[in-house]
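Single-structure report; data block below.
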Amino acid sequence: MIFEENNKAIYLQIADRISDDILQGKYDSDSRIPSVREYAASVEVNANTVMRSYERLTAKGLIFNKRGIGFFVSPDAKEKIIEEKSEDLMKRQLPPLFKLMNHLGISPDDLKKEYQNYLTENYQ
């Protein structure tokens with residue numbers, strides 16, 4: 001597996017990847033996710049790195065451990081991920097975009113039109 005070339009720690013990238021997999025339906029509510037060793041082998045990282053990712057996801061309430069059985073997706077994981085990602089988009093990602101739009105003279109109507117075109121081209 002190739003990880004993003006950014007300053008984000010690998011265990012955080014793994015946690016993000018698993019969150020994205022939950023969001024996209026790869027893992028349903030209450031479904032088992034790969035064991036730490038299985039996941040570590042599949043992404044070719046140390047098992048301790050994956051364990052840190054699982055601990056982070058557990059602390060956020062996205063997965064839980066059934067001792068001796070494995071890790072499972074929490075029933076409300078998808079809703080929690082949507083809430084977290086929505087807040088990140090609105091508070092962290094959109095302000096720089098809005099600033100750039102303002103500098104370039106791109107109006108909210110222009111953005112709305114492009115978004116509608118994107119939806120039409122990609123989801124119909």
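The values are calculated or read from the model by the stated rules, or taken from the named source; none is laboratory data. These numbers come from a predicted model, not from an experiment. Backbone-built Cβ (ideal geometry, glycine too); neighbour counts: all protein chains shown. Accessible surface areas use protein heavy atoms only, side chains included; no ligands, DNA or RNA. Shrake-Rupley method; radii C 1.70, N 1.55, O 1.52, S 1.80 Å.
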Helical mean residue ellipticity (222 nm; -39500 (n - 2.57) per DSSP H run of 4+; nearest 500) of the chain: -18500 deg cm²/dmol
Quick one: in the chain, what % of C-alpha pairs are over 18 Å apart? 63
Using a 1.4 Å probe on the protein heavy atoms only, what accessible surface does residue 91 show? Give it in Å² to the nearest 10. 150
As a test of reading the structure, rank 27, 118 by solvent-accessible area (1.4 Å probe, protein chains only), most first. 118, 27
Burial order of peptide ranges 44-55, 11-22 (average beta-carbon count within 10 Å, highest first): 11-22, 44-55
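For the chain, which whole-number percentage of the solvent-accessible area (1.4 Å probe, protein heavy atoms only) is attributable to carbon and sulfur atoms?
Summing carbon and sulfur atoms, their accessible area is 51 percent of the total for the chain.
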Estimated inter-spin distance, residue 66 and residue 100, nm [label 7 Å along Cα→Cβ]: 4.5
Can you work out the accessible area per residue across the chain, with the rest of the protein chains kept in place, probe 1.4 Å, in square angstrom? 73
Under 15 Å Cα to Cα from residue 85, which aspartates and glutamates show up? Leave out anything in the same chain fewer than 8 places away. 16, 20, 21, 76
Other-chain or far-sequence residues with amide H under 5 Å of residue 63's (modelled H): 58, 74
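Calculate, in nm to one decimal, what residue 58 and residue 46 gain on full extension: separation in residues at 0.36 nm each, minus their alpha carbon distance.
Full extension of this stretch gives 2.4 nm more.
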